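**Q** For reference, the structure I am asking about is given below.
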Amino acid sequence: MTVTSVLSSANTRQVEITRDASLGLVVSLKGRWRIGRGLPSVEGITDRLKDDSRPEKIVFDTTGLESWDTSLLAFVVRLIGICRQHGIRVETEGLPQGLKRLLELVESDEDRSAPNEETVSKKTEFHPSLLERVGLRALGFYATWTSLLEFIGQVSIAFAKLLLGKARMRFSDLVVQVYGCSARALGIVSLISFLVGTILAFMGAVQLQQFGATIYVADLVGIGIARDMGAMMTAIIMAGRTGAAYAAELGTMRVAEEIDALQTMGIAPIEFLVLPRFIALVVMMPLLCLYADFLGMVGGASVAAGVLGISFRAYFHRTAAAVTLGSMLGGLVKATVYGVLIALAGCWRGFQGEASSAAVGSATTAAVVDAIVWIVVACGMFAFIFRILNI
Amino acid sequence: MERNGKHSAARSDHIVVRNLSLGYGERLILQDLNFSIRRGEIFVIMGGSGSGKSTLLRALIGLVEPLAGEIFYGDLNFTTALEERERVLRRIGVLYQGGALWSSMTLAENVGLPLAEFTDLGPDEIREIVSLKLALVGLKGFEDFYPNELSGGMRKRGGLARAIALDPEVLFFDEPSSGLDPVSARLLDDLILELRASLGATIIVVTHDLASIFAIADRALFLDPERKTATALGHPKELLANSTDPKLRLFLTRGEAANEEAKP
Ligand SMILES: Nc1ncnc2c1ncn2[C@@H]1O[C@H](COP(=O)(O)OP(=O)(O)OP(=O)(O)O)[C@@H](O)[C@H]1O
Ligand SMILES: [Mg+2]
């Protein structure tokens with residue numbers, strides 16, 4: 001019997017390899033095996049298997065083993081894997097009883113429940129090239145858009161049914177949703193629009209003072225708020241508030257099978273859940289926008305009064321002259337359209353994707369991002385259209 | 001395995017499944033399923049974890065579209081007649097694994113919703129029926145609780161009260177005993193038997209709880225994940241007595257069959 005290498009001796013964990021004429025390669029496992037110290041390497045043994053004096057089998061000796069845990073299991077599994085590759089038999093007799101049981105479980109699971117090849121190759125061995133990645137991205141993009149179009153179609157059908165009086169929607173749900181996106185949003189909308197009004201006034205004041213035309217601050221703030229900023233700020237607040245809430249609520253309902261429960265009851269989830277949310281937001285957005293317009297102008301007036309010494313009376317007189325009904329209505333139309341976009345992004349993202357709690361998080365993020373992007377794009381298109389129509 | 005000729009031939013067949021194949025994307029889960037569920041029976045779908053029991057249940061209630069094959073409810077082709085699906089669904093009650101109560105509504109509103117949507121009952125009558133149904137499942141007095149204020153088992157019973165709100169002709173149960181203590185699980189089994197006796201409903205139960213399979217099943221369908229299809233159908237006691245399929249024997253005896261054979 002010839003004693004040879006000591007492979008690993010981190011603290012007290014030891015692997016000794018002895019060659020025995022009759023037994024083959026004897027792997028002696030000694031000391032305390034604790035996973036906290038990492039996994040021992042099997043390289044030393046692999047080297048021994050490659051040389052010419054390849055053993056016929058490997059046996060274990062665990063007389064010196066004090067305690068063990070998963071680290072030993074992992075070591076033995078690795079060893080067995082390598083021996084299989086080289087066609088060497090492994091006798092597990094010498095291992096502790098418990099470890100043998102664990103080994104059996106691991107092995108039996110490997111041949112029993114391994115998913116079939118297609119799924120494995122799909123999940124693990126797929127490293128696409130750049131070109132393939134571009135292609136996959138394009139396909140993913142296409143799938144997203146078709147799903148959006150499909151959703152828009154479903155919502156339109158639901159609205160048609162609503163008009164025919166055949167949709168299943170509870171009035172009480174609508175009331176709850178209206179409350180959620182109006183009364184409860186007033187605080188934040190007030191604060192932001194007032195501040196935006198003051199900011200616009202300050203920005204304008206610096207320039208206009210140079211010409212001694214400070215009274216025109218009222219024009220600047222009034223037109224800016226009425227045409228664009230009122231609707232835009234309201235929309236961005238509501239996207240972060242209500243759009244995100246829609247996606248999160250609907251996504252969570254999907255995870256808890258609540259949407260399945262509606263569907264199998266013969267109640268279309270689009271009618272029951274999406275319609276009240278859509279209607280609430282689309283109806284409340286112009287009203288919120290009107291309110292935001294007013295508060296924005298009050299913000300401008302405060303700056304004018306406090307910093308520029310323009311009286312409230314003069315300010316509002318000037319505003320009334322500058323802001324036409326057309327710009328006012330234009331702003332409200334924009335707010336309504338933004339409302340549609342926010343509700344669409346929130347509900348669509350809530351219904352789309354996997355039913356898992358991780359997916360709910362990303363759906364919420366996606367809903368807010370989508371809504372804001374769509375709002376800004378729509379704003380640009382409005383600027384173009386209004387210019388052509390000379391509004 | 002039982003064969004069906006023309007599905008409408010047997011009056012007693014309530015649900016008929018023909019050549020059904022199910023899967024997700026390109027992954028096939030079950031194929032070539034052929035069986036029928038008789039009116040008023042308790043039909044158990046059993047099989048090991050991952051054998052596709054839930055998938056089959058979801059297909060039967062229209063939440064998973066089949067890759068191939070058809071499902072009939074009576075004479076109605078559930079797979080193709082999308083227009084009439086809603087009508088079929090209205091006579092179906094489903095108890096989901098976690099209860100799936102709508103979390104924004106109280107227990108009473110949950111149970112009352114199907115009544116409010118599909119009947120002409122007034123609010124007082126609905127309230128009355130709701131407390132009846134809740135009493136049936138042992139939840140009287142919890143009308144105004146929200147689902148998150150109930151325990152897992154209570155949510156499940158609440159889900160059952162909602163499922164039987166409209167006195168359905170078909171009741172589906174997904175793992176009714178999971179997450180319940182042995183006594184509650186037993187009580188739920190008794191409740192299932194009583195529902196069949198009182199409503200005369202056809203009941204389909206997905207479970208791998210042996211005690212409950214032997215206690216309630218009129219017939220049980222065994223799904224084999226390796227062959228990806230149903231390999232046995234019958235009363236569980238008869239299956240145990242007659243079947244030679246080692247996998248089924250292993251399942252029905254909680255793995256004891258393997259030891260039996262090993263012993264001399
Ligand atoms: N949404 C899904 N997408 C893809 N594959 C799925 C999906 N749901 C289930 N599967 C796969 O379908 C197979 C059957 O799953 P299913 O949930 O029907 O099993 P089960 O018999 O109900 O198991 P259990 O008793 O553990 O609930 C599993 O292999 C699973 O990986
Ligand atoms: Mg399942």
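**Q** Nearest 10 degrees is fine. How inclined is helix A:275-303 to the longest principal axis of chain A, computing both from alpha carbons?
**A** So the helix axis and the longest Cα principal axis differ by about 60 degrees.
**Q** As a footprinting exposure proxy, order A:Tyr179, A:Tyr246 by other Cβ within 10 Å, with the fewest listed first.
**A** A:Tyr179, A:Tyr246
**Q** Return the percentage of antiparallel bridges among DSSP beta bridges fully within chain B, rounded to the nearest 5 %.
**A** 55
**Q** In chain B, what is the count of Lys pairs whose alpha carbons are under 26 Å apart, counting only pairs at least 8 residues apart or on separate chains?
**A** Number of lysine pairs found: 13.
**Q** Next question. Would you order A:Asp293, B:Asp181, B:Asp218 from fewest to most other beta-carbon atoms within 10 Å of each residue's own beta-carbon? Provide the component values of the computation, followed by the final result.
**A** Numbers: A:Asp293 27, B:Asp181 10, B:Asp218 16.
Fewest-to-most Cβ neighbours within 10 Å comes out as B:Asp181, B:Asp218, A:Asp293.
**Q** Per-residue Cβ counts within 10 Å, from other chains only, averaged over B:96-105: what number is that?
**A** 5
**Q** Can you tell me the Rg and Dmax of segment B:9-50, counting just the alpha carbons, in angstroms?
**A** 12.8, 36
**Q** With each run of n ≥ 4 DSSP H residues scored as -39500 (n - 2.57), what mean residue ellipticity at 222 nm is computed for chain B after dividing by its residue count and rounding to the nearest 500 deg cm²/dmol?
**A** Calculated at 222 nm, the ellipticity per residue is -11500 deg cm²/dmol.
**Q** Is there a simple number for the mean count of other chain Cβ atoms within 10 Å of the Cβ of residues in A:252-259, and what is it?
**A** 5
**Q** Return the equivalent ellipsoid semi-axes of chain A as a descending list in whole Å, where each equals the square root of 5 times an eigenvalue of the C-alpha gyration tensor.
**A** 71, 28, 19
**Q** By counting other Cβ atoms within 10 Å of each Cβ, how are B:Arg39, B:Arg162, B:Arg157 ranked from fewest to most? Working shown, then result.
**A** Details: B:Arg39 16, B:Arg162 31, B:Arg157 26.
Taking fewest neighbouring Cβ atoms as first place, the list is B:Arg39, B:Arg157, B:Arg162.
**Q** Got the relative contact order for segment A:229-312 handy, in percent, Cα pairs under 8 Å and 6 or more residues apart?
**A** This gives 40 percent for segment A:229-312.
**Q** For chain A, what proportion of DSSP beta bridges, expressed in % and rounded to the nearest 5, is antiparallel?
**A** Antiparallel bridges: around 55 percent, rounded to the nearest 5.
**Q** Scan chain A and hand back the longest stretch that contains none of the GluC sites (Glu not before Pro) lying in DSSP loops with at most 12 other Cβ atoms within 10 Å.
**A** A:126-391
**Q** Peptides B:133-140, B:113-120: what's the order by average Cβ count within 10 Å, highest mean first?
**A** Top to bottom by mean Cβ count within 10 Å: B:133-140, B:113-120.
**Q** I'd like the orientation of helix A:325-351 relative to chain A: the angle between its Cα long axis and the longest Cα principal axis, in ° from 0 to 90, rounded to 10.
**A** For A:325-351 against chain A, the angle is about 20 degrees.
**Q** Something else now. Mean separation of Cα pairs under 8 Å and 6+ residues apart, divided by the residue count of chain A: what relative contact order is that in percent? Before the final figure, lay out each step's value.
**A** On the way: 503 pairs, mean separation 61.0, N = 391.
Relative contact order for chain A comes out at 16 percent.
**Q** Evaluate the relative contact order of segment A:168-389 (contact order divided by residue number), counting alpha-carbon pairs under 8 angstrom at least 6 apart; express in whole percent.
**A** 35
**Q** Measure nothing but the geometry: give the 0 to 90° angle between the long axis through the Cα atoms of A:357-389 and the longest principal axis through the Cα atoms of chain A, rounded to 10°.
**A** 30
**Q** Which of rounded, prolate or oblate describes segment A:168-389 when judged by the alpha-carbon gyration tensor and an a/c cut-off of 1.5?
**A** Since a/c reaches 1.5 and a/b is larger than b/c, the shape of segment A:168-389 is classed as prolate.
**Q** Can you pull out the trypsin sites (Lys or Arg not before Pro) in segment A:158-208 whose DSSP state is coil and whose Cβ has at most 12 other Cβ atoms within 10 Å?
**A** A:Lys166
**Q** Further, regarding this structure: Mean residue ellipticity at 222 nm from the helices of chain A, using -39,500 (n - 2.57) per DSSP H segment of n ≥ 4 over the full residue count, to the nearest 500 deg cm²/dmol?
**A** One gets -22000 deg cm²/dmol as the mean residue ellipticity at 222 nm.
**Q** I would also like to ask the following. Would you calculate the separation in nanometres between label points at A:Val255 and B:Leu187, each defined as 7 Å from the Cα along the Cα-to-beta-carbon direction?
**A** Calculated label separation equals 3.0 nm.
**Q** For a quick protection proxy, order the peptides A:189-197, A:224-232 by their average other-Cβ count within 10 Å, most packed first. Provide the component values of the computation, followed by the final result.
**A** Numbers: A:189-197: 19.8, A:224-232: 25.2.
Top of the packing list down: A:224-232, A:189-197.
**Q** Something else about it: Take B:Arg87 and B:Glu256, extend 7 Å from each Cα along the Cα→Cβ direction, and tell me the distance between the two endpoints in nm.
**A** So the two model labels end up 5.0 nm from each other.
**Q** Mind checking the mean number of beta-carbon atoms from other chains within 10 Å of the Cβ atoms in B:211-218?
**A** Average per residue, whole number: 0.
Quick note: the coordinates plus some simple rules give every number you see, no bench work behind them. Because the structure is a prediction, the values reported are computed rather than measured. Glycine gets a Cβ as well: all are built from the backbone with ideal geometry, and neighbour counts include every protein chain shown.
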